Amino acid sequence: MKSIKLGKYRHYKGKEYEVIGVARHSETLEELVVYKALYTSEFGKNSLWVRPKKMFLETVEVDGKKVPRFKYLGR
């Protein structure tokens, strides 16, 4: 599977996040991307999130166009 670059990403809905690593689920060994919000949300400042790597890397359809769910912005 494709590797994940550490650094900043923009979600297709516009908010920015920073990928801090990849973890494995303790039971299934599925790879999960660990990332933090670069904004303050209802869950607090720099809240941490995880998402299956496959889902993080997939494309979504927006206004009839295929776009990455998360676009890499750099370090």
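Every read-out reported here was derived from the displayed coordinates using simple, explicitly stated rules and does not represent laboratory data. The shown structure was predicted, so the numbers you read here are calculated from the model rather than taken from an experiment. All Cβ positions, even for glycine, are placed from backbone atoms using ideal geometry, and neighbour counts span all protein chains on display.
Run the simple label-point estimate for H25 and L48 please: 7 Å along Cα→C-beta, distance reported in nm.
1.9
Given charges of +1 on the Cβ of Lys and Arg and -1 on the Cβ of Asp and Glu, with all other atoms neutral, how large is the dipole of segment 7-74 about its Cα centre, in debye to the nearest 20?
Working: 14 positive and 9 negative charges, 49 e Å.
With Lys and Arg at +1 and Asp and Glu at -1, about 240 debye.
Rounded, prolate or oblate: which fits the chain, taking a ≥ b ≥ c as square roots of the Cα gyration tensor eigenvalues, rounded meaning a/c under 1.5, else prolate when a/b beats b/c?
Values: a/c = 1.64, a/b = 1.09, b/c = 1.51.
Oblate, since a/c reaches 1.5 and b/c is not below a/b.
Need one number: nm distance between label points at H11 and R69, each 7 Å from Cα along Cα→Cβ, rounded to one decimal.
Taking the simple label geometry, H11 and R69 are separated by 1.1 nm.
For M55 paired with T40, estimate the spin-label separation in nm (one decimal), with each label point 7 Å from Cα along the Cα-to-Cβ line.
2.8
Treating cross-link reach as a plain straight distance, find the lysines whose alpha-carbon is under 25 Å from the alpha-carbon of K54, omitting any fewer than eight places away in the same chain.
Within the straight-line limit of under 25 Å, K54 reaches these lysines: K2, K5, K8, K13, K15, K36, K65, K66, K71.
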